[in-house]
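Colleague: Once you've had a glance at the structure underneath, I'll fire off some questions.
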Amino acid sequence: MKHSILVAITYLVLVGVTSAQDFPVTIDHKFGETTITAEPERIVSVGYTEQDDLFALGKTPIAVRPWALPVPHGIWPWAEAAAGDAEPVVLSSGPLDFETIAQLEPDLIIGIYAGTTREEYDRLSLIAPTVLQPADYVDYATPWEEQTRIIGRAVGKLDEANTLIADIKKRFEQAREEHPEFEGNTVAAAYYSNGQAGAFASGEPRSRFFTELGFVIPDVYDELAGDAFYTAFSLERFDLLDVDLLVWYWGELESDDILPLRRTLQAHQDGREVILTPQQRFALSFSSPLSLTFALDELVPELADTLK
């Protein structure tokens, strides 16, 4: 935890020494391109994770869109040091509140981890320049470093964004060097919900945390997911979760309908299961420079112990 705090403070120092970035900046995305004419000051984040990148880059959003568990002003523990005394407006986590967004008079709207529709984009872009995910990725599957880099360009802090990315990449490299036992082991970033089990596809940030450490996502998850960021399958195919390391994101895992099935898995019998805490789960879901630092500190030792 001390390392996380030190890294967060380092980020604040880094973002305090900025280099000039010329505007206008034009950013391509899934519905075309958006031009930002000047460095934005009033930024609304309509994605579920972008506030972390903004805080890390020293740009406080005026409004954020929360994800599931309520936290004050949408600021999770790993972002508190970078956010300082910021108190952004908290938007609805459900349908976009266009009226409130317009009343805030933003000069930039960011929605990379948002699954924004064409209709929503058209309405948002009437309020302010709106930056979405690249066309190359399905909804909710933009790589974390790509998201950070896009936001860095949009707010005039690309050099700082690249520094953040490089620092996290070094942390992953260090973890792989210290734990060669991770390399090549299969992993499932799994869940159980409403009578179905499933796992996240390889490109989804929650899976990429493990592939960055050297683990491998089974090809079948991508095949079943198709254009989605996850796959779901009936309990008759529960065997698809029998991997070298089974990581549970959520689900009533001790319930009568799932526990007997878990007991059939060799991963369960051998103790090669990890059940994430809510903070760990959301840290991987955010997969931002701030949350990944927290996740690496918390989970790498736990994963190593599980595979002993």
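The values are calculated or read from the model by the stated rules, or taken from the named source; none is laboratory data. This is a predicted model, so every value here is computed, not measured. Methodologically, a virtual Cβ is constructed for each residue, glycine included, from the backbone with ideal geometry; neighbour enumeration extends over all protein chains shown. Ligands, DNA and RNA are stripped out before the accessible areas are found, and what is left, the full protein with its side chains, is counted by its heavy atoms. Shrake-Rupley method; radii C 1.70, N 1.55, O 1.52, S 1.80 Å.
Colleague: From the square roots a ≥ b ≥ c of the eigenvalues of the alpha-carbon gyration tensor of the range 20-156, which class results: rounded (a/c under 1.5), prolate (a/b over b/c), or oblate? Don't skip to the end; give the middle numbers.
Modeller: On the way: a/c = 1.32, a/b = 1.18, b/c = 1.12.
Because its axes are fairly even, with a/c under 1.5, the range 20-156 counts as rounded.
Colleague: Over the chain, give the accessible area per residue in Å² for a 1.4 Å probe, as an integer.
Modeller: 43 Å²
Colleague: Let me ask something else. In a GNM of the chain with a 10 Å cut-off on Cα contacts, which of PRO24, PRO106, PRO134 has the highest mean-square fluctuation?
Modeller: Evaluated over the chain, the most mobile residue of the options is PRO24.
Colleague: Follow-up. For the range 128-134, what does the Karplus curve 6.51 cos²θ - 1.76 cosθ + 1.60, with θ = phi - 60°, yield as ³J(HN,Hα) per residue in whole Hz, taken in order and with x for Gly and Pro?
Modeller: Each residue's phi maps through the Karplus curve to give 6, x, 10, 10, 10, 5, x Hz.
Colleague: Moving on to the next point. Kirkwood Rh, Cα Rg: Rg to Rh for the range 229-308?
Modeller: 0.99
Colleague: Report the local net charge at ASP53: Lys and Arg +1, Asp and Glu -1, summed over other residues whose C-beta lies under 14 Å from its C-beta.
Modeller: Around ASP53, the charge tally is -1.
Colleague: Using alpha carbon coordinates only, what is the Rg to Rh ratio of the chain, with Rh defined as the Kirkwood radius?
Modeller: Numbers: Rg = 19.7 Å, Rh = 20.1 Å.
Reported Rg/Rh (Cα atoms, Kirkwood Rh): 0.98.
Colleague: Something else about it: Of LEU213, LEU261, LEU126, which has the most accessible area with a 1.4 Å probe, and how do the rest follow in descending order? Don't skip to the answer; put the middle values down first.
Modeller: Numbers: LEU213 0, LEU261 45, LEU126 150 Å².
My answer, sorted largest first, is LEU126, LEU261, LEU213.
Colleague: Still on this structure, please answer the following. Quick one: what are the phi-derived ³J(HN,Hα) couplings along the range 228-238, Karplus 6.51/-1.76/1.60 with θ = phi - 60°, whole Hz, x for glycine and proline?
Modeller: 8, 8, 8, 10, 10, 9, 5, 5, 5, 9, 4
Colleague: With all pairs of different alpha carbon atoms counted, what Kirkwood hydrodynamic radius in Å does the range 20-85 show?
Modeller: Hydrodynamic radius (Kirkwood, Cα only) of the range 20-85 equals 13.3 Å.
Colleague: In degrees between 0 and 90, to the nearest 10, how far off the longest principal axis of the chain does helix 289-306 point, with axes built from Cα atoms?
Modeller: 10 degrees
Colleague: Which of the three applies to the range 122-199, rounded, prolate or oblate, going by the alpha-carbon gyration tensor with a ≥ b ≥ c and a/c under 1.5 meaning rounded? All intermediate terms of the calculation are to be shown ahead of the outcome.
Modeller: Numbers: a/c = 3.78, a/b = 1.27, b/c = 2.99.
Taking the square roots of the gyration eigenvalues as a ≥ b ≥ c, the range 122-199 is oblate.
Colleague: Run the 1.4 Å probe and let me know the accessible area of SER125, rounded to the nearest 10 Å².
Modeller: Approximately 50 Å² for this residue.
Colleague: Please report, in cubic angstrom per residue, the volume enclosed by the convex hull of the alpha-carbon atoms of the range 140-252.
Modeller: 111 Å³
Colleague: Any idea what the dipole of the range 111-150 comes to, in debye rounded to 20, about its Cα centre with Lys/Arg Cβ at +1 and Asp/Glu Cβ at -1?
Modeller: 120 debye
Colleague: Binning at 5 angstrom from zero up to the longest distance, how are the C-alpha pair distances of the range 63-143 distributed in percent?
Modeller: Whole-percent P(r) values from 0 Å outward: 3, 13, 22, 23, 20, 14, 4, 0.
Colleague: Let me ask you something else. If the only charges are +1 at each Lys and Arg Cβ and -1 at each Asp and Glu Cβ, what is the size of the charge dipole of the chain around the Cα centre, to the nearest 20 debye?
Modeller: The dipole magnitude comes to about 340 debye.
Colleague: Which residues' amide hydrogens lie under 5 Å from the amide hydrogen of TYR230, considering only partners 5 or more residues apart or on another chain, with H built in the peptide plane?
Modeller: Hits under the 5 Å cutoff: ALA201.
Colleague: Quick one: order LEU104, LEU296 from most to least accessible surface, probe 1.4 Å.
Modeller: Reading off the accessible areas and sorting them downward yields LEU104, LEU296.
Colleague: Using the crude model of +1 on Lys and Arg Cβ and -1 on Asp and Glu Cβ, and no other charge, please compute the dipole size for the range 231-308 relative to its Cα centre, in debye to 20.
Modeller: 160 debye
Colleague: How much length would be gained if the chain were fully extended between LEU235 and GLU302, taking 0.36 nm per residue of separation minus their Cα-Cα distance, in nm to one decimal?
Modeller: Result for the pair: 21.4 nm of gain on full extension.
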